[in-house]
Amino acid sequence: MHDIWRRRLTRALAVAVLGAGLAGCSGSSSDPSPWSSTDTSGPDPADEESYLPAEPETSPDATLEEPVPAEPTPEDPPDEETEPEPDRPVLPDELVGEWDGDELDYTFGPDGQVSVPGLGEGTVEVDGDQIVFRLPGLTPWVSTWTVEPCADPAGFGYPYRTLWLDDVTYVEDC
């Protein structure tokens with residue numbers, strides 16, 4: 001029984017909706033539809049501005065500023081103080097000077113510099129009785145050293161000091 005009422009109600013609604021739509025299109029209704037083609041009192045569909053949202057008002061003096069890029073932050077500048085060079089070993093005073101040999105001569109500076117004619121200039125480091133030679137282009141080498149005090153062993157009136165590098169002697173005037 002409910003089905004019968006449901007069908008009747010559905011038909012009645014369909015007829016009412018269809019009838020209302022046809023009445024608006026035919027122009028026979030006394031209250032024309034706003035969508036009817038005979039209605040000229042509504043907004044003109046060609047006038048698009050009436051359908052668009054309003055834009056915010058700006059004054060003619062207002063200028064659009066372009067975004068200014070952020071200035072790059074400079075990297076931290078390097079410290080103006082440079083790292084000090086490692087202290088060169090100070091040579092013992094008894095080793096500093098010009099030493100003459102039969103085949104090679106050595107000149108030792110107080111700051112660890114050495115000059116060897118024919119081999120070049122470089123550095124030396126002293127650790128006890130060991131001396132390490134470093135000259136460009138050569139493999140570093142180690143020698144044992146000792147210095148004998150100023151003497152005139154031959155008795156000729158010519159005193160000198162003697163540097164022993166391994167088993168080779170070098171002399172320096174006193």
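Show me, bin by bin at 10 Å from 0, the whole-percent P(r) of the stretch 97-173 based on Cα pairs.
Distribution as computed: 18, 52, 23, 6, 0 percent.
By how many nm would the segment from Asp167 to Leu119 grow when fully extended, if each residue of separation counts as 0.36 nm and the alpha-carbon distance is taken off?
Details: separation 48, 0.36 × 48 = 17.28 nm, distance 1.98 nm.
Going from the current span to full extension adds 15.3 nm.
Please work out how much length the chain gains when fully extended from Val90 to Glu103, using 0.36 nm per residue of separation minus the C-alpha to C-alpha distance, in nm with one decimal. Display every interim value, and only then the final one.
Working: separation 13, 0.36 × 13 = 4.68 nm, distance 2.64 nm.
Length gained between Val90 and Glu103: 2.0 nm.
What is the calculated FRET efficiency for Arg134 to Glu71, with r their C-beta to C-beta distance and R₀ = 35 Å, to the nearest 0.05?
Values: r = 49 Å, r/R0 = 1.39.
Taking R0 as 35 Å, the efficiency between Arg134 and Glu71 is 0.10.
Test of understanding: ordering Thr139, Thr146, Thr162 by Cβ neighbours within 10 Å, fewest first, what list do you get?
Sorted ascending by nearby Cβ count, the order is Thr139, Thr146, Thr162.
Each value in this text was obtained by applying a stated rule to the coordinates, not by laboratory testing. Computed from a predicted model, the values in this text were never measured in an experiment. Heads up, the Cβs are rebuilt from the backbone with ideal geometry, glycines too, and the neighbour counts pull from every protein chain shown.
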